[in-house]
Amino acid sequence: MLLSCIKGSYRFYAMVYLIQILMRGKKLTKEEMLEQFKLYLKSGIFGLTVGSSFVTLNCIFRKLFFSEFHYYATVLLPCTISGLAVYFEPPYRRVLVANLFTNLVFEYWIRTLEMKGWLRRSAGRETLIFMLGSSLFFYLMRLDRENPKRTPLFWFFTPPRVSKEVGEPIEGIKGRSEACPHKGPCLNYILRGVAQLFGVGCAMSMLRTIIPRLLTPVKALKSLKFSHFKLGLFFGGYIGIYRLIICLLCRATGRDSATYAIPAGLFAGAAFRVSPSLPIALAPVTSSLQILSSWAYQKGMIPEQWPLVELLYCVCQGILFHARVMHEDACPRYIINLMHTVTSNKADEIQSAFIQKILAYGGGV
């Protein structure tokens, strides 16, 4: 299991760090490359520790519970404790990982409610959630830009600071208003963002399609479809609409304001309809909660010595890995793919053997 997790963990994080570099949209210096490599090594240790410690902890807890398997002790308890490996990650990355897993727990709960018939999902409803979440999230992000201790976030792009300059109202979109929070003409600024994020979205979709088929490059290229460009259209439209509305409001009023992010984020969120996804729909909501909790820490409402981020991650990891084994139908696809990749398919073998044991000794119940 350890050897499988070493191989799978570093393969998984190679993809993660490559996507993060693409999202930055700029070249890294040698110092930044070295720092990214160090973080890559630490993240790999985190992943292989979580994956390989599960078997050991599972055996320990089985022995403690009279050599029997129990519903909560089989996966939930050992995987919650193995989440302490998150301390291998630097503090700011712990926040990002905790935010991701919190988002996945919300997705798991929503899928569970849907399966029970208590909730109905649709692309339109998810788009509305994303629009409202983006509106709040962009507003909080612009406020957080003035914060000396900015909240670490992983998002499609970071909005610029609120411009302090004031100018005369300008009609149209040509040129640049003195109040706009960017350099150069507004149209260039908007189109540059659209092109950059469109490229990132397409690259991410193609990487997910081509990399698993690297040994058969011809088949990999043939597997590309128009649907692989939808993520790029979403990313490009998202940033394009946001920047367009911000510039129009700054030009119309002659001044900039953090509140402009509210309508800009709302209408930009409509681009989500091109490539709907429940995890992405929930992401602005959980990221907004992340900013608010960070402010609570800074204002002393939450004591700094409390390791709430680490504990939150441990609980979320336990819930999600428990869902992978016990409630696979409702488990987020990301977790299934994550465990498959990080453990080099060992998690699937354990899952299959576990189901066979239940069918053999539990009478199919």
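The values are calculated or read from the model by the stated rules, or taken from the named source; none is laboratory data. Only a predicted model underlies this, so the values are computations on that prediction, with no experimental measurement involved. As a convention, Cβ positions derive from the backbone with ideal geometry for all residues, glycine included, and neighbour counts pool all protein chains shown.
Couple of notes before you dig in:
- Residues of the stretch 244-297 satisfying the condition of being over 20 Å from C186 (Cβ atoms) and in contact with a Pro (Cβ under 9 Å, 6 or more places away or on another chain): G269, L278, P279, Q290, S294, Y297
- Residue count for the stretch 302-339 under the criterion of being within 23 Å of the chain's Cα centre (by Cα) and touching a residue at least 60 places away in the same chain (Cβ under 8 Å): the result is 25.
- Selection status of L128, surrounded by 13 or more Cβ atoms within 10 Å (Cβ to Cβ), assigned to a helix (DSSP H, G or I), out of contact with any helix residue (DSSP H, G or I) (no Cβ under 8 Å at 6 or more places or on another chain) and not basic (K, R): yes
- Within the option set A347, A330, A323, being surrounded by 13 or more Cβ atoms within 10 Å (Cβ to Cβ) and not in a helix (DSSP H, G or I) holds for one residue only, A330.
- Residue count for the stretch 1-46, restricted to those that are of a type in the set (A, V, I, L, M, F, W, C) and closer than 24 Å to V200 by Cβ: 14
- The combined condition, being at pLDDT 85 or above and either assigned by TED's automatic domain parsing to the domain that holds S277 or touching an Asp or Glu at 6+ places or on another chain (Cβ under 9 Å) (or both), is not fulfilled by A203.
- Odd one out for C79 among (1) touching a His at 6+ places or on another chain (Cβ under 7 Å); (2) free of Cβ contacts under 8 Å to residues at least 12 places away in the same chain: (2)
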